[in-house]
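**Student:** Would you mind keeping the following structure in view while I ask a few things?
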Amino acid sequence: MARTRSYKAQKFIEGFQKKVNRQAMLSLAACVHCGLCTDQCHYVLTNPDDPTYAPAYKGDLIRKLFKAHMDWTGGAIPWWVGARSVYTDQDLEELKDTVFGKCTNCRRCSLNCPMGVDLASFNRMARGLLVSVGVMPEGVAVVAKDQWEIGNQMGVLPEDYLGTLQWMEEELQSEYNDPSIKIPVDKMDCEVVYTINPREVKYDPRTIAEAAAIFHFAGENWTMPSEGWDQTNFGLFDGNDELGGAVARRVYEAVRALRGKRLVISECGHGYRSTRCEGPNWAKMDIDFEMESSVITMLRYIKEGRIKVDKTKNSDPVTYHDSCNSARSCGLFEEPRELLNLVCTDFREMYPNRAENYCCTGGGGAMSMTEYAPRRLKSAKVKADQLKATGAKIVVTSCHNCVDGLFDLIRHYKLDMQVKQLVNLVANALVVPVKPTEAKPLAGYKILVIDDEADVRIYLGKIFKDQGCTVVDAPDAHQGMRAIEQEKPDLITLDLVLPKRTGEKLYWDLRKDPQYADLPVVVVSGYTRIDSPKIDFHGFIAEKNIPQPDGFLEKPVDVDKLLETVTRVLAEKSKVKH
Amino acid sequence: MYQASPVLRFAEDQLQVAALLFMAAVYIIKIGWILKFPAGRDRQPTTAGPHTNARKGAWHSLLNIALPWEMASTRQHPWFYVQFVIFHLGVAASIAMSFLIPYGPELIAGKVAVLGLQGLFAAAFVVGVLRMIRRISDPYIRAISSPDDYFSLGLLIIWLGFSFLAAPNNRQASEPPLMAYFFLTAFFLVYVPFSKISHYIYYPFARWYLGKTLGYRGVYPVRRGA
């Protein structure tokens, strides 16, 4: 009697039969159970007594279905070739435990299989089929839901995203004392549209600021989109091509809507793979703009001389961890190394590396599956040993998942090491171009400030110095006269209320002295007839029949009026250069 | 002059031809079956640098089996790779011998040729036995082994044993081993398409597609540090 099958199991099998393409079919049919893949998996190396971690064993759980439902011999004599179907929801749960909890889809076994069996690809397919019947780790469900509903995998709201960009823009302007640094949003017709991982908004906004600084100093015409800015794609991890297509399409459409020429993908392994290498296939779209990793962009800026870097600013020993997704699945091997050699003084490889590197153990969505964290950290021993052997103080990676995975294992295995991304190192090594100083309107002139109040002398002195003047000051008329004789100022600001000898007396002395009769004087005084009944400057001028001062300003001083007056007076005396 | 028995003549000729035709027919059907599955394709612009492309990747992948230094799995297990080579050469030589004995016996009549073949079959036989011991004793391999895995390997070990005995092609003195060899060969040819031994049909396809994808993405040929 035929065994009955649960509704979910039935749907799973129906989906499986539709989903298998030629590449998957070949991977499912070709395994000869030679076992060469066994010790290429980090799970096996750290669980030496448990064969259920072996790639061939894990693959067989899916292969058995293929044999049971699509292979001749399996259909006729299933026990002979190990064919077995799934019947119950419990069967699906057990499959879930393997495809989500015992494999990070790192593809290392695929590259080490003599037959070319690509376990990572059909393991992802099995994940997608399980997700289609609602069988998945809770964390995967939550993240996938956020990406469907809110448009990014961390549920970042638009106001938080835009607020963070604004915040980072202000930080940058303050850090570089340059209000021209911007993080443009939705600017049309830019050369570069820059997308990021929502983790950057939520936990690591500094990377956004650093990238913005690099774009700014490279003189790039760039923007970030207000929609479709999340380059990450949980469709890669949950195996759901529909989600993968929808998310990728959102990014591509944002670039098209802004008429961007190039999509630059921030340092994120799965984001890069999803957007650059898988997205067009899931979304069934042909892409008519360029797409590249920000690693390539930064490297190009340095090579083209658009930014200058000083590698001595990164002098700690650095090693590089290849992200499985950007390296083993997209071929990004050499550019990060070339860039590292340009921005740090002591780069050392870890072994093995490039296509043979071991997974950070946080890949394949593992960071969102907390129920498997103990397994993950146990398997991370391989990576920890690799890191330790380098003796490096910093491990650099171009992937946010790897950052989290490495951070976790470094803490777990108590390694003395930091995790950084290339953007951190490049930004740190940036040689910021010195801006040519703006021509100061009063540069080259010397002004004498005569005032008995020290605060006023300092205040006026600062205003004039900011305009490029040389400033000397004096607290009374006698010292003022001495300064006039010694310093030969181009202009004097004169307080009228001075100790011992008043300002009006000094003014009269100057005007009757042919040597100083034309020396410009701007009276800056707070006197009133009530406060200083003895001083009647206008009456004094009339009485002595001497010229009016070149300017007359009352305290408190209006800065604009002061500068306008001083500039005008100097210009009138034909000394102002502009 | 010695005349081979009609049974042996049938086993080495008509039976082989019939078995081969059957195998070829099943293989043609099998290839048709493979091609019935839609092939996935890479729609995105390539990420390969100037050093590679899809075609280079595919060829590299196909030839991968002859480049043991290319994969960590073979590089780290050179003895395993040597076993693989011996075993597959033994099988290939035995298949060739099944054609040579009836249709070109003079080509393997010399003492050196016979000894060479026997040496190869013996080595392959020993490798087969070692592989069987590994399959039974290694918990990782045992966990993934089906009855077909044991039977296919056992079949090949026995077949290689009879290949060793049949290699001298001494019909007067050793007709029974020759007959056993040819009957086993015929059975082997008929059984292969339904067993794991048919992996060599999948091999070129599986490796071609993997290599094409990885070449297009700049991963194949594999680059690794010193």
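**Student:** When the residues of region A:312-327 are narrowed to those that are buried (at least 24 other Cβ atoms within 10 Å of the Cβ), in a helix (DSSP H, G or I) and of a type in the set (S, T, N, Q), which ends up nearest to the other protein chains (Cβ to nearest Cβ)?
**Tutor:** Here the answer is A:326.
**Student:** Still on this structure: Pick from A:339, A:332: which is at pLDDT 95 or above, hydrophobic (A, V, I, L, M, F, W, C), buried (at least 24 other Cβ atoms within 10 Å of the Cβ) and part of a loop (DSSP other than H, G, I, E, B)?
**Tutor:** Working: A:339 fails: part of a loop (DSSP other than H, G, I, E, B).
None of the others qualify; the one that does is A:332.
**Student:** Moving on to the next point. Which number in (1) part of a helix (DSSP H, G or I); (2) away from chain A (no Cβ under 14 Å) marks the one condition that residue B:135 misses?
**Tutor:** Only one criterion in (1) part of a helix (DSSP H, G or I); (2) away from chain A (no Cβ under 14 Å) is unmet by residue B:135, namely (2).
**Student:** Just a yes or no: is a residue in region A:237-247 touching a His at 6+ places or on another chain (Cβ under 8 Å), buried (at least 24 other Cβ atoms within 10 Å of the Cβ), more than 13 Å from chain B (Cβ to nearest Cβ) and in contact (Cβ under 8 Å) with a residue 12 or more places away in the chain?
**Tutor:** Our first condition is that a residue be touching a His at 6+ places or on another chain (Cβ under 8 Å); within region A:237-247, this holds for A:237.
Imposing the further condition that a residue be buried (at least 24 other Cβ atoms within 10 Å of the Cβ) reduces the set to A:237.
When the remaining residues are screened for being more than 13 Å from chain B (Cβ to nearest Cβ), the result is A:237.
Right, trim to in contact (Cβ under 8 Å) with a residue 12 or more places away in the chain and you get A:237.
Yes, there is a match, as at least one residue in region A:237-247 is touching a His at 6+ places or on another chain (Cβ under 8 Å), buried (at least 24 other Cβ atoms within 10 Å of the Cβ), more than 13 Å from chain B (Cβ to nearest Cβ) and in contact (Cβ under 8 Å) with a residue 12 or more places away in the chain.
**Student:** Still on this structure: Looking at region B:156-215 only, could you name the residues that are outside any helix (DSSP H, G or I) and over 29 Å from residue B:106 (Cβ atoms)?
**Tutor:** If we filter region B:156-215 for residues that are outside any helix (DSSP H, G or I), which is where we start, we get B:167-174, B:195.
Within region B:156-215, B:195 is the sole residue that qualifies.
**Student:** Determine, yes or no, whether residue A:291 is over 28 Å from residue A:175 (Cβ atoms), at pLDDT 95 or above, in the same structural domain as residue A:419 (by TED's automatic domain parsing) and touching a strand residue (DSSP E or B) at 6+ places or on another chain (Cβ under 6 Å). First the steps, then the outcome.
**Tutor:** Details: over 28 Å from residue A:175 (Cβ atoms): yes; at pLDDT 95 or above: yes; in the same structural domain as residue A:419 (by TED's automatic domain parsing): yes; touching a strand residue (DSSP E or B) at 6+ places or on another chain (Cβ under 6 Å): yes.
Against the criterion (over 28 Å from residue A:175 (Cβ atoms), at pLDDT 95 or above, in the same structural domain as residue A:419 (by TED's automatic domain parsing) and touching a strand residue (DSSP E or B) at 6+ places or on another chain (Cβ under 6 Å)), residue A:291 qualifies.
**Student:** Given the structure, is residue B:144 within 12 Å of chain A (Cβ to nearest Cβ) and aliphatic (A, V, I, L, M)? Break it down into steps so the answer makes sense when it comes.
**Tutor:** Details: within 12 Å of chain A (Cβ to nearest Cβ): yes; aliphatic (A, V, I, L, M): yes.
Yes.
**Student:** Please give the number of the condition residue B:183 fails out of (1) more than 27 Å from residue A:116 (Cα to Cα); (2) surrounded by fewer than 21 Cβ atoms within 10 Å (Cβ to Cβ); (3) of a type in the set (A, V, I, L, M, F, W, C); (4) touching a Leu at 6+ places or on another chain (Cβ under 7 Å).
**Tutor:** (4)
**Student:** In region B:62-73, which residue that is at the interface with chain A (Cβ under 7 Å from one of its Cβ atoms) and either among the charged types (D, E, K, R) or farther than 13 Å from residue B:222 by Cα (or both) is nearest to the chain's Cα centre (by Cα)?
**Tutor:** Here the answer is B:65.
**Student:** Follow-up question, since we're still on this one. Those residues that are surrounded by 21 or more Cβ atoms within 10 Å (Cβ to Cβ) and among the acidic types (Asp, Glu), I need them from region B:120-148; list them, please.
**Tutor:** Matches in region B:120-148: B:148 only.
**Student:** Among (1) crowded, with 23+ Cβ neighbours inside 10 Å; (2) part of a loop (DSSP other than H, G, I, E, B); (3) within 14 Å of chain B (Cβ to nearest Cβ), which single condition is residue A:363 missing?
**Tutor:** The number of the failed condition is (3).
**Student:** For region B:197-217, give me each residue that is of a type in the set (D, E, K, R), within 9 Å of chain A (Cβ to nearest Cβ) and under 16 Å from residue A:113 (Cα atoms).
**Tutor:** Narrowing region B:197-217 to residues of a type in the set (D, E, K, R): B:207, B:212, B:217.
Adding the requirement that they be within 9 Å of chain A (Cβ to nearest Cβ) leaves B:207, B:217.
Hit for region B:197-217 is B:207, nothing else.
**Student:** Can you tell me how many residues within region A:389-439 are touching a helix residue (DSSP H, G or I) at 6+ places or on another chain (Cβ under 8 Å) and in a loop (DSSP other than H, G, I, E, B)?
**Tutor:** 8
**Student:** Condition first: among the acidic types (Asp, Glu) and at the interface with another protein chain (Cβ under 8 Å from one of its Cβ atoms). Now tell me which residues in region A:1-48 satisfy that.
**Tutor:** Within region A:1-48, the first condition is being among the acidic types (Asp, Glu), and the residues that meet it are A:14, A:39.
Passing the criteria: only A:39.
**Student:** Restricting attention to region A:290-311, and to residues there that are free of Cβ contacts under 8 Å to residues at least 40 places away in the same chain and surrounded by fewer than 22 Cβ atoms within 10 Å (Cβ to Cβ), which single residue is nearest to residue A:262 (Cα to Cα)? Working first, answer last.
**Tutor:** Here is the first cut: in region A:290-311, the ones free of Cβ contacts under 8 Å to residues at least 40 places away in the same chain are A:290-292, A:296, A:300, A:303-305.
With the extra rule that they be surrounded by fewer than 22 Cβ atoms within 10 Å (Cβ to Cβ), the set shrinks to A:290, A:292, A:296, A:300, A:303-305.
Values: A:290: 5, A:292: 8, A:296: 12, A:300: 14, A:303: 18, A:304: 17, A:305: 20 Å.
Only one residue fits best here, namely A:290.
**Student:** If you check B:127, B:114, B:85, B:91, which single one turns out to be β-branched (Val, Ile, Thr) and free of Cβ contacts under 8 Å to residues at least 40 places away in the same chain?
**Tutor:** B:85 is the lone residue from the list that is β-branched (Val, Ile, Thr) and free of Cβ contacts under 8 Å to residues at least 40 places away in the same chain.
**Student:** So how many residues does region A:334-360 have that are within 12 Å of another protein chain (Cβ to nearest Cβ) and farther than 21 Å from residue A:311 by Cβ?
**Tutor:** 7
**Student:** Let me ask another. Please find, among A:456, A:449, A:471, A:497, the residue that is assigned to a strand (DSSP E or B), over 45 Å from the mean Cα position of the chain (by Cα) and surrounded by 14 or more Cβ atoms within 10 Å (Cβ to Cβ). It would help to see each step written out before you state the result.
**Tutor:** Working: A:456 fails: assigned to a strand (DSSP E or B); A:471 fails: over 45 Å from the mean Cα position of the chain (by Cα); A:497 fails: assigned to a strand (DSSP E or B).
Going through A:456, A:449, A:471, A:497 in turn, just one is assigned to a strand (DSSP E or B), over 45 Å from the mean Cα position of the chain (by Cα) and surrounded by 14 or more Cβ atoms within 10 Å (Cβ to Cβ): A:449.
**Student:** Follow-up question, since we're still on this one. Among the residues of region B:101-142, how many are closer than 20 Å to residue B:175 by Cα and under 19 Å from the mean Cα position of the chain (by Cα)?
**Tutor:** Looking only at that region, the number is 4.
**Student:** Of everything in region A:58-76, what is modelled with pLDDT under 95 and hydrophobic (A, V, I, L, M, F, W, C)? Give them in sequence order. Let's see the steps before the verdict.
**Tutor:** Our first condition is that a residue be modelled with pLDDT under 95; within region A:58-76, this holds for A:71-76.
Listed by number, the residues that qualify are A:72, A:76.
**Student:** With the requirement that a residue be surrounded by fewer than 19 Cβ atoms within 10 Å (Cβ to Cβ) and out of contact with any Phe, Trp or Tyr (no Cβ under 9 Å at 6 or more places or on another chain), what does region A:14-38 give you? I'd like the intermediate steps shown before the answer.
**Tutor:** Going through region A:14-38, the residues surrounded by fewer than 19 Cβ atoms within 10 Å (Cβ to Cβ) turn out to be A:14-15, A:17-19, A:21-22.
Result: A:14, A:15, A:17, A:18, A:19.
**Student:** Identify, by number, the condition in (1) without any contact (Cβ under 8 Å) to a residue 60 or more places away in the chain; (2) under 25 Å from the mean Cα position of the chain (by Cα); (3) within 8 Å of another protein chain (Cβ to nearest Cβ) that residue B:34 doesn't meet.
**Tutor:** (1)
**Student:** Give the residues of region A:342-360 that are in a loop (DSSP other than H, G, I, E, B), more than 24 Å from residue A:215 (Cβ to Cβ), of a type in the set (A, V, I, L, M, F, W, C) and in contact (Cβ under 8 Å) with a residue 60 or more places away in the chain, sorted by residue number.
**Tutor:** Hit for region A:342-360 is A:359, nothing else.
The values are calculated or read from the model by the stated rules, or taken from the named source; none is laboratory data. Remember, predicted model here, so these are calculated numbers, not experimental data. Neighbour counts run over all protein chains shown; Cβ positions are idealised from the backbone, glycine included.
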